[in-house]
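The next block holds one structure in the form of structure tokens; read it before the comments.
The values are calculated or read from the model by the stated rules, or taken from the named source; none is laboratory data. Remember, predicted model here, so these are calculated numbers, not experimental data. FYI the Cβ positions are ideal-geometry reconstructions off the backbone, even for glycines, and counts take in every protein chain you see. Ligands, DNA and RNA are excluded from the accessible area calculation, which covers all protein heavy atoms including side chains. Shrake-Rupley method; radii C 1.70, N 1.55, O 1.52, S 1.80 Å.
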Amino acid sequence: MSQMVDLVIFGGTGDLSTRKLLPALYQLHRDKLADRLQRIIATGRGAMDTAQFLLEAQKNLQRFLPADDWDDAVWDSFRERLHYVQLDANQPQHYAELAALLDQGETTSRLFYLATLPSLYGDICQQLKAAGAVNDACRVVLEKPLGHDLASCRTINEQVAAVFDEEATFRIDHYLGKETVQNLLALRFGNPLFHPMWNNTFINSVQITVAEEIGVAGRGSYYADTGALRDMVQNHLLQVLSLVAMEPPSSLKATDIRDEKMKVLRCLEPITLGNVKERTVRGRYAAGAVSGKAVKGFLEEDAFHDALNTETFVALKVGINNWRWAGVPFYLRTGKRLSRRYSEIVIEYRRQPFSLFANDPQELTNKLVIHLQPEESISLHTVNKKPGLTNKLRLKPVELHLTDDSQEKHSSYDAYERLLLDALHGDQTLFMRRDEVETAWHWIDSIIAAWDENGTPIKSYNAGTMGPNAATALVAVDGRSWHE
Ligand SMILES: NC(=O)c1ccc[n+]([C@@H]2O[C@H](COP(=O)([O-])OP(=O)(O)OC[C@H]3O[C@@H](n4cnc5c(N)ncnc54)[C@H](OP(=O)(O)O)[C@@H]3O)[C@@H](O)[C@H]2O)c1
């Protein structure tokens, strides 16, 4: 790809573009990081010209940028880059018009960002090719979800692969754009302190939680056919798990890191009819209160009355069958309408074999807690002597914070800024390779088949709690509790 790139956003009028992509592009422009970017061409079905689109874009940026980030001078230069093209994915003529606009530009390199319905991805790629808009210097970014199961994922991947090589295909998982997720690599492989203890000799269990306060209102029928397992575990949680569990890569190159993540995904112990009961919990929120506000239950939301087989919460006990992790459970949980919004990874270390102290340090195990949101930080939970003149030595918990001030500043960059920048520069490290996504779907499909065969019930939980009681029991039978 030559130096300068035109970015074309399919779905340029949609929610993702409005709330995330355009604000991220504005920030990159403001910070002079988007030096490779020439034009930003947003497309949508609506009949409007660029002037009308700019009015909308200005309004939306003022709404969705962090309060102090709007700057008239930055907008004046940013708007010069923005264009709008009316494009219905099913209208070949519209692609011809887009191709003509692209040909008028100074660059032949294009980044096509597909932020629209995944069912359109194959057609869009085909039509772009037919209109002569694709050349060897072009790349494509694909938003999730990539399919509904392995078969539909393969179909999309094959349709895209007929036009774009794998090296030109960037599958987004915005969790990978988070500063702290990347910091996992620095933590694990930059610190001799942690690396020798990153295995089943020292680690007792791992928890990964992605908790959301929001419900599903506004997500149309999409969520009814999806549920928490497909929507969150197949991508975000398995991506985070593979970064936590992977072996040291031979370099930080995209291929080496993605090879190691793939090995983890291949080692996931299958969940099938034989173990689905002990390994999984499905939940669905009933009415309750979140942040002091009464909210409806899932089945009371418009569009979800009939979604009786859709879970809004899932908890899993996952095994990784390899030398490093055999015997260490990875507990995953994610859900909607939980008590608060947060995502974290908790590495719990084994206890010392014998306690010398006057108080029982049962709950005072060492833990490394990696907070991914709302704030990004890392803390190490250790114990200290409880101060005082008593003759008995007692322990008390102490948290060591491993985040420095400058890191907090960088954490404020949105994941989409990082990922857009990487896609512009052609760096695939933080994007999912085809085999990763398909292997993850294969593992997820087995759980869904086992749920169907087993008739796994969906347990109710009140909105504003941390899921059904069965999720507590899932870890309690192993003598553990969720880190709250
Ligand atoms: N929203 C998020 O936070 C989020 C997060 C992660 C992933 N995603 C993924 O990102 C993609 C977009 O999501 P979204 O929430 O932005 O959806 P959305 O708000 O429904 O927007 C859909 C966009 O696609 C365009 N579109 C729909 N049908 C089209 C067609 N036949 N031809 C051309 N354009 C068409 C729409 O244009 P018009 O409205 O102008 O017709 C609109 O710009 C989806 O794959 C979604 O799963 C979204």
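Helix 92-104 and the longest principal axis of the C-alpha atoms of the chain enclose an angle of approximately 80°. Highest mean packing comes first when the peptides 334-341, 212-219 are listed by Cβ atoms within 10 Å, giving 334-341, 212-219. Measuring r between the beta carbons of Ala99 and Asp49 and using R0 = 25 Å, the FRET efficiency lands at 0.85. The convex hull built on the alpha-carbon positions of the chain has an orientation-averaged projected area of 25.2 nm².
The local environment of Glu260, defined by Cβ-Cβ distances under 13 Å, has a net charge of +3 under the rule Lys, Arg +1 and Asp, Glu -1. A protection proxy built from the mean count of other Cβ atoms within 10 Å ranks the segments 82-94, 160-172, 22-34, most packed first, as 22-34, 160-172, 82-94. Rolling a 1.4 Å probe over the protein heavy atoms gives the chain an accessible area of 44 Å² per residue. Per atom type, the range 176-476 shows carbon and sulfur on 53% of its accessible surface, probed at 1.4 Å.
Were the residues from Arg188 through Val477 laid out at 0.36 nm apart, the gain over their Cα-Cα distance would be 101.1 nm. 3J(HN,Hα) along the range 205-210: 6, 10, 10, 10, 10, 10 Hz, from the Karplus curve 6.51 cos²θ - 1.76 cosθ + 1.60 with θ = phi - 60°, whole Hz, x for Gly and Pro.
Between Lys32 and Ser355, the simple label model (points 7 Å from Cα in the Cβ direction) yields a spacing of 5.9 nm. If you plug the beta carbon distance of Arg340 and Ala73 into 1/(1 + (r/R0)^6) with R0 = 51 Å, you get a FRET efficiency near 0.85.
Using a simple spin-label model with pseudo-atoms 7 Å out from Cα toward Cβ, Lys392 and Thr255 lie 6.2 nm apart.
Between Glu158 and Glu269, the simple spin-label model (points 7 angstrom out along Cα→Cβ) gives 3.4 nm. Note down the net charge around Phe78, summing +1 for each Lys or Arg and -1 for each Asp or Glu among other residues with Cβ under 13 Å from its Cβ. The answer is -1. Pairs spanning more than 22 Å between alpha-carbon atoms, out of Lys367/Lys459; Lys253/Lys317; Lys59/Lys293; Lys263/Lys367; Lys178/Lys261; Lys20/Lys59: Lys367/Lys459; Lys253/Lys317; Lys59/Lys293; Lys263/Lys367. In this calculation the C-beta distance from Asn60 to Ala151 is compared with R0 = 30 Å, giving a FRET efficiency of 0.25.
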